[in-house]
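The values are calculated or read from the model by the stated rules, or taken from the named source; none is laboratory data. None of the values given here were measured: they were computed from a predicted structure. FYI the Cβ positions are ideal-geometry reconstructions off the backbone, even for glycines, and counts take in every protein chain you see. Just the protein is used for accessible areas: all its heavy atoms, side chains included, with ligands, DNA and RNA removed. Shrake-Rupley method; radii C 1.70, N 1.55, O 1.52, S 1.80 Å.
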Amino acid sequence: MTENKTNENTNGKLRAIEIVTRVAVVLISLGMIYWYLESGFLAFGNIIGILFFTITGAAAVLFDPIKKFIKRLRRNKAMKIILDIIFVLLILFCIYCAAAICLMINGANNPPEEGSTLIVLGCQVRGTEPSHTLRMRLDAAYDYLNDHPDAKAVLSGGQGDHENISEARCMYNYLTEKGIKPERLFLEDKSTTTNENIRFSEEIIKQNGLDPRLAIATDWYHEFRAGMICSRQGYTCGAVSADTPLYLTAHLVTREIFAIANEFLFKS
């Protein structure tokens, strides 16, 4: 009797922990879905994030029937192997996501060497005005140039759809209006990707005899991948990190997780 009662108490505690965990997973999933939707648009990062947390939340709600269904499937030897492989892949994916976020944070906290040439990576321009994200990058660039009066900067970004001027020209206008001398700024207005930003800026740095040590002004989550590209081209690189608008962070960090994987696998 005593042993049975002990088992019942243990099972009751485990069941209570399971219920609390499931409720927490559902609440976290709903919070994350709201965060992705808060950006106000659907793009790759949002779609992947919403899909992932919808599945996670649904799995927590339907845990008992799913557990029974999986037990039935595992009676088949082939299905057991397939399910084990899927489980391992999911664990590895979660580990990779955590590692990628840690690398992003580390990359954002890598100060540049004294005298480094600043490369400001472009972002969306609305007509002729910088978007909120680009403005935050430019404010970080302005602080760096203000603190390092001898430093030069390459403003890198071409002209995209619905942009009346190039991102480089927009950045130039913004920084000169804030008092940065035009002779400190070099425009690179052809690039459309981060790889092109760095590669085309490299040509300007060589042509004008600028310091080959680099400081990259971009969003904090983007610094690690920008540093990867710089290192691949033989440059030392530090971070001049801009804050990312909170409502966009979930979407952009999710997208960057896959962009880092793409950089590792296909562009190294």
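Out of all the residues in the stretch 159-172, which are open to solvent by 60 Å² or more (accessible area, probe 1.4 Å) and part of a loop (DSSP other than H, G, I, E, B)?
Step one: filter the stretch 159-172 for residues open to solvent by 60 Å² or more (accessible area, probe 1.4 Å), giving 159, 161-162, 164, 169.
Selection gives Gln159, Asp161, His162, Asn164.
Please verify whether the stretch 194-202 includes one or more residues that are more than 26 Å from Gly45 (Cβ to Cβ), out of contact with any strand residue (DSSP E or B) (no Cβ under 7 Å at 6 or more places or on another chain) and modelled with pLDDT under 95.
Our first condition is that a residue be more than 26 Å from Gly45 (Cβ to Cβ); within the stretch 194-202, this holds for 202.
Keeping just the survivors that are out of contact with any strand residue (DSSP E or B) (no Cβ under 7 Å at 6 or more places or on another chain) gives 202.
Now narrow it down to the ones that are modelled with pLDDT under 95: 202.
Checking the stretch 194-202: at least one residue is more than 26 Å from Gly45 (Cβ to Cβ), out of contact with any strand residue (DSSP E or B) (no Cβ under 7 Å at 6 or more places or on another chain) and modelled with pLDDT under 95.
Any residue that is open to solvent by 60 Å² or more (accessible area, probe 1.4 Å) and over 22 Å from the mean Cα position of the chain (by Cα) - is there at least one of those in the stretch 235-255? Working first, answer last.
Taking the stretch 235-255 as the starting set, the residues that turn out to be open to solvent by 60 Å² or more (accessible area, probe 1.4 Å) are 236, 243, 246-247, 255.
Still in the running and over 22 Å from the mean Cα position of the chain (by Cα): none.
Scanning the stretch 235-255 turns up no residue that is open to solvent by 60 Å² or more (accessible area, probe 1.4 Å) and over 22 Å from the mean Cα position of the chain (by Cα).
Results for (1) hydrophobic (A, V, I, L, M, F, W, C); (2) in contact with a Pro (Cβ under 8 Å, 6 or more places away or on another chain); (3) modelled with pLDDT under 95, shown as yes or no for each residue.
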site	(1), (2), (3)
Tyr36	no, no, no
Gly40	no, no, yes
Phe44	yes, no, yes
Leu51	yes, no, no
Phe63	yes, no, yes
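Please determine whether any residue of the stretch 6-25 is closer than 23 Å to Thr254 by Cβ, open to solvent by 90 Å² or more (accessible area, probe 1.4 Å) and modelled with pLDDT of 95 or more.
No, the conditions are met nowhere in the stretch 6-25.
From the residues in the stretch 146-158 that are more than 14 Å from Thr218 (Cβ to Cβ) and in contact with a strand residue (DSSP E or B) (Cβ under 7 Å, 6 or more places away or on another chain), which one is least open to solvent (accessible area, probe 1.4 Å)? I'd like the intermediate steps shown before the answer.
Residues of the stretch 146-158 more than 14 Å from Thr218 (Cβ to Cβ): 146-152, 158.
Then keep just the ones that are in contact with a strand residue (DSSP E or B) (Cβ under 7 Å, 6 or more places away or on another chain); that gives 151-152.
Working: Ala151: 5, Lys152: 73 Å².
Step by step, filter the stretch 146-158, then rank; the result is Ala151.
Answer yes or no as to whether Glu129 is touching a Lys or Arg at 6+ places or on another chain (Cβ under 6 Å), acidic (Asp, Glu) and under 30 Å from Gln207 (Cβ atoms).
Values: touching a Lys or Arg at 6+ places or on another chain (Cβ under 6 Å): no; acidic (Asp, Glu): yes; under 30 Å from Gln207 (Cβ atoms): yes.
Here the answer is no, as Glu129 does not meet what is asked.
(1) at pLDDT 95 or above; (2) open to solvent by 30 Å² or more (accessible area, probe 1.4 Å); (3) under 22 Å from Glu256 (Cα atoms): which one isn't true of Asp143, the others all being true?
Tallying (1) at pLDDT 95 or above; (2) open to solvent by 30 Å² or more (accessible area, probe 1.4 Å); (3) under 22 Å from Glu256 (Cα atoms), Asp143 fails exactly one: (3).
Applying the selection to the stretch 55-84, what residues are of a type in the set (Val, Ile, Thr), within 28 Å of Leu30 (Cα to Cα) and out of contact with any helix residue (DSSP H, G or I) (no Cβ under 8 Å at 6 or more places or on another chain)? Walk me through how you get there before you give the answer.
Kept after step one, since they are of a type in the set (Val, Ile, Thr), are these residues of the stretch 55-84: 55-56, 61, 66, 70, 81-82.
Checking which are within 28 Å of Leu30 (Cα to Cα) leaves us with 55-56, 61, 66, 70.
Within the stretch 55-84, just Ile55 meets the criteria.
Would you list the helices (runs of 4 or more DSSP H) that sit entirely within the stretch 35-139 and hold 1 or more residues that are hydroxyl-bearing (Ser, Thr, Tyr), open to solvent by 50 Å² or more (accessible area, probe 1.4 Å) and touching a residue at least 12 places away in the same chain (Cβ under 8 Å)? Steps first, please.
Numbers: elements: 44-61, 63-73, 77-108.
Passing ranges, in order: 44-61, 77-108.
Would you mind telling me which numbered condition in (1) in contact with a Lys or Arg (Cβ under 6 Å, 6 or more places away or on another chain); (2) aliphatic (A, V, I, L, M); (3) surrounded by fewer than 21 Cβ atoms within 10 Å (Cβ to Cβ) Ile204 fails?
Ile204 satisfies all of (1) in contact with a Lys or Arg (Cβ under 6 Å, 6 or more places away or on another chain); (2) aliphatic (A, V, I, L, M); (3) surrounded by fewer than 21 Cβ atoms within 10 Å (Cβ to Cβ) except (1).
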